[in-house]
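Data first, discussion second: the structure below is written as structure tokens.
Any read-out appearing in this document is the output of simple, stated calculations on the displayed coordinates, not a laboratory observation. Keep in mind the model is a prediction, meaning the values are calculated, not measured. FYI the Cβ positions are ideal-geometry reconstructions off the backbone, even for glycines, and counts take in every protein chain you see.
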Amino acid sequence: MLPSKKLKPYYDKISWLYVCRLFKPSDARDREALRTHERFGISSWPQMFVFDPATGRVLREMPRSLAGFKAGLDAVLADRKPAPPEGLAVRARLQSARKAIKAGRRHKAVAILTRLAAGNDRFEGWLEARELLRSLGVRAGASKGLGDPDPRERALALEAMSHRPRAIAKARPHIERLVLDDGEDIVVRLRALRCIGAVDPGWIAKNAASMLDVANDPWRYAVLEFATQHPNPELGPVLCKLFEGAGTKVASRNPNVLRINVTLCLAECGDVASLRVLQPVVAAADPRNGLTRMTVAAVAKIATRERGAARDKVLRGLLEGVPEADDSDEVTAARRKLAIVRAVVDGFAEVFGRDRVPVAPRTWTRADQKRLTAALSALLRE
Amino acid sequence: MIRLAIATIALSAPLVAGDKLPKGPPWHTEYRFAKREALRKGQPVFVYFTKTY
């Protein structure tokens, strides 16, 4: 669709951005692509939308059909205003500077760029001027690291120190402020979060409840990862809200992966109250849902932490995760069900000890289901 | 001077060789360049996210 000649009339009406992940951290282009992915919270592909360059707000998700795509562009462009004269002036000044550089007129270029860099125009001419000055080796363009006015420079500074614990420790108060500052650029915040996580993940776990309010999937994945490493039982209710609302009340571009990360964290931080959100997934015992086995494992983990009646309640919930056997199941379906069965059996084994729990069957027939359910129920009655 | 010219081109180039860009539109491959062009021309930005499969 994108190469269609029918899109030609739109070439100069919008800016076109192509962002491809290569998954090669050593590749500068891939690191840049990662920054853009994280800015917009992208963790699944492909995705296409139109955004407002001034605010980053998504204006329209774009369909994959040509007719729908054109209609989407038309809708976005319907109230387009003429190019702002100040923006065109900034563009012209940068062009003059480039021409001067090309012609070897360094002084002229530096003069234009220094004036531009000293301003704070809303067209980011000042940022581009600083970049050009930097490439010319002029001090006015030098990066100020964590204190740089350009969020990209702050992000680069954090990336550079991410594997240097001493540097992180030295700048720790500043980095903590970046993590907690709601007004800070999300790409900067995420890098600051990873720096702190590298030296003190417990700090993130302690502050995770408010951090999980940030509507950005990669950010939430990172917070959840650290909170999973350093379980904080107080997070249970927040995690339940995320699980329930993912993709609806909780904005997410990838609700399923968000739920997976929340489930892993609930396995470590949750308690009997977490059953409210986990139990429906366990009880559905849907072998085609990738979340089922993980949720069963999370409930099993919670059972190991609970005692008395609460533990029994969790185990009864776990027992509901035994999938319905169907003797006419295809091999794949039976294999998926057996994986869930093993997760249930493992959960019981964690609580009662491996020697008291029957071995998970190798086949999954109605007879297998009846035998296993009876054996696990008997343990609950003891 | 050559280094300066290369740096200048790198900063202003709308396309970077290497990725298999879909033919047709004048693609940028960096957020900041697409954003700046859009701000100065008063345009929105269309973005296409993909990955190597």
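Sort A:Ser65, A:Ser328, A:Ser15 so that the residue with the fewest other Cβ atoms within 10 Å of its own Cβ comes first and the one with the most comes last.
Numbers: A:Ser65 11, A:Ser328 6, A:Ser15 27.
In increasing order of surrounding Cβ atoms, one gets A:Ser328, A:Ser65, A:Ser15.
Please report how far the C-alpha centroid of segment A:48-94 lies from that of segment A:326-362, rounded to the nearest whole angstrom.
If we compute the Cα centre of each part, the gap is 53 Å.
Using a 10 Å cut-off on Cβ atoms, rank the peptides A:79-90, A:120-131, A:94-105 from the highest mean neighbour count down. All intermediate terms of the calculation are to be shown ahead of the outcome.
Values: A:79-90: 13.2, A:120-131: 21.6, A:94-105: 16.6.
My ranking of the peptides, most packed first, is A:120-131, A:94-105, A:79-90.
Beyond 35 Å, what percent of the Cα pairs of chain A remain?
45
Among A:242-249, A:333-340, how do they line up from the highest to the lowest mean number of other beta-carbon atoms within 10 Å?
Ranked from most to least packed, the peptides come out as A:333-340, A:242-249.
Take the cross-link list A:Lys24/A:Lys70; A:Lys6/B:Lys41; A:Lys81/A:Lys102; A:Lys24/A:Lys337 and give me the ones stretching past 28 Å between alpha-carbons.
A:Lys24/A:Lys70; A:Lys81/A:Lys102; A:Lys24/A:Lys337
Mind listing the phi-derived Karplus ³J(HN,Hα) values for segment A:324-331, rounded to whole Hz, using 6.51, -1.76 and 1.60 with θ = phi - 60°, and x for any glycine or proline?
These are the phi-based 3J(HN,Hα) values: 5, 7, 9, 4, 9, 4, 5, 4 Hz.
Given an 8 Å cut-off on Cα distances and at least 6 residues of separation, report the relative contact order of segment A:5-76 as a percent. Kindly include the intermediate steps, with their values, before the conclusion.
Details: 43 pairs, mean separation 11.8, N = 72.
The normalised contact order for segment A:5-76 reaches 16 percent.
Need one value for A:45-54: mean number of C-beta atoms belonging to other chains within 10 Å of its residues' C-beta atoms.
The mean count of partner-chain Cβ atoms within 10 Å per residue comes to 6.
Of A:Lys13/B:Lys20; A:Lys144/A:Lys241; A:Lys241/B:Lys35, which ones are farther than 29 Å apart at the Cα?
A:Lys144/A:Lys241; A:Lys241/B:Lys35
Need the full-extension length gain, A:Arg316 to A:Leu88, defined as separation in residues times 0.36 nm minus the C-alpha distance. One decimal, nm. Let's see the in-between values first.
Numbers: separation 228, 0.36 × 228 = 82.08 nm, distance 6.79 nm.
Extra length from A:Arg316 to A:Leu88 when fully extended: 75.3 nm.
How many partner chain Cβ atoms sit within 10 Å of a residue's Cβ in peptide A:19-29, on average, as a whole number?
That works out to 4 on average.
What angle do you read, to the nearest 10 degrees and between 0 and 90, between the alpha-carbon axis of helix A:106-118 and the longest principal axis of chain A?
For helix A:106-118, the angle is close to 50 degrees.
Could I have the simple spin-label model distance between B:Lys23 and A:Ala160, label points 7 Å from Cα toward Cβ, reported in nm to one decimal?
4.2
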